[in-house]
1. Tell me, what HN-Hα J-couplings in whole Hz come from the Karplus equation 6.51 cos²θ - 1.76 cosθ + 1.60 at θ = phi - 60° for each residue of the stretch 164-171, using x for Gly and Pro?
2. Once label points are set 7 Å from the Cα along Cα→Cβ at both residue 98 and residue 196, what is their separation, rounded to one decimal in nm?
3. Which aspartates and glutamates have a Cα less than 19 Å from the Cα of residue 57, not counting those fewer than 8 places away in the same chain?
4. Assuming R0 = 41 Å, can you tell me the calculated FRET efficiency for the pair residue 63 and residue 90, based on Cβ-Cβ distance, to the nearest 0.05?
5. Based on DSSP loop calls and a cut-off of at most 13 other Cβ atoms within 10 Å, the longest stretch of the chain free of exposed GluC sites (Glu not before Pro) is what?
6. Would you tally the net charge around residue 158, using a Cβ to Cβ cut-off of less than 10 Å, leaving residue 158 out, and scoring K and R as +1, D and E as -1?
7. Putting +1 on Lys and Arg Cβ atoms and -1 on Asp and Glu Cβ atoms, find which of 192, 120, 34 reaches farthest to the positive end of the dipole of the chain.
8. Here are a few candidate values for Kirkwood radius over Cα pairs in Å: (i) 20.0; (ii) 17.6; (iii) 18.9. Which one was actually calculated from the structure I just gave you?
Amino acid sequence: MKVEYAGPKPIIDEKGIFFKDGKEDKFVYLTFAIDILNSINHPYEEKKVYSNQINHKNLSSNEILDILLKFHPNLENTMNTEISSYLIHLDNEEKEVANRTTLLDIEKYVYISNLKLMKNYKIQRAKNKIFYFHCIQTIVELIIQHKIKKLEIPFNEKFWHILQTIEGELARHRISSKLKLTNENDNLKLHLFINIF
């Protein structure tokens with residue numbers, strides 16, 4: 001089980017392999033999500049307001065795994081189950097191409113060869129996505145457990161993306177939230193207001 005950068009989303013067909021702009025590997029967000037996780041993971045007292053600094057630190061793959069395994073000791077089993085399911089999807093993708101009547105045999109061969117060539121790449125992207133979403137779920141679990149009503153974070157594109165993902169996960173728990181950007185003395189800040197009681 002390893003977490004490492006794979007790259008942007010590949011677009012694969014009988015003409016070649018291309019990479020989609022804007023569909024970055026979740027690995028690039030993972031250390032930033034762990035920053036948020038670490039900043040809210042501490043004992044809480046009721047009716048007290050906490051303010052924590054987020055100090056971004058680039059973490060090694062092993063450090064990322066160690067942190068995630070602290071919260072999810074069975075993560076390797078979960079990962080294996082989810083990747084097994086993904087491998088079935090990849091096999092079905094190849095079968096679907098092989099059965100296409102709109103492609104010539106040489107086009108099918110090239111397409112399937114491209115899929116095989118990118119298989120490990122796609123698997124690593126899938127693993128990174130699984131790690132990322134487990135981190136987001138853990139953040140949301142802590143928000144719910146400690147009834148955190150607001151997260152305030154320095155603005156950057158990665159934190160913005162992560163807070164939007166947290167909003168989506170909160171919505172799955174039927175908890176509404178609002179993400180707002182403010183400019184305080186030329187310091188851009190992100191505020192996630194959470195309607196939790």
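The values are calculated or read from the model by the stated rules, or taken from the named source; none is laboratory data. All figures in this text were calculated on a predicted structure; none of them were measured in a lab. Positions of Cβ are generated from backbone atoms using ideal geometry, with glycine treated the same way; all protein chains shown enter the neighbour counts. Quick note on the areas: whole protein, heavy atoms, side chains included, nothing else; ligands and nucleic acids left out. Shrake-Rupley method; radii C 1.70, N 1.55, O 1.52, S 1.80 Å.
1. 5, 5, 4, 4, x, 5, 4, 4
2. Each label point is offset 7 Å from its Cα along the Cβ direction, giving 4.8 nm.
3. Cα-Cα hits under 19 Å: 4, 25, 35, 66, 152, 157.
4. Details: r = 29 Å, r/R0 = 0.71.
That gives a FRET efficiency of 0.90.
5. Values: sites that count: 4, 45, 46.
Here the longest segment lacking exposed loop sites spans 47-197.
6. Details: positive: none; negative: 24, 35, 157.
Within the 10 Å Cβ shell, the charges total -3.
7. Going by the Cα projections, it comes out as 192.
8. Read-out taken from this structure: (iii).
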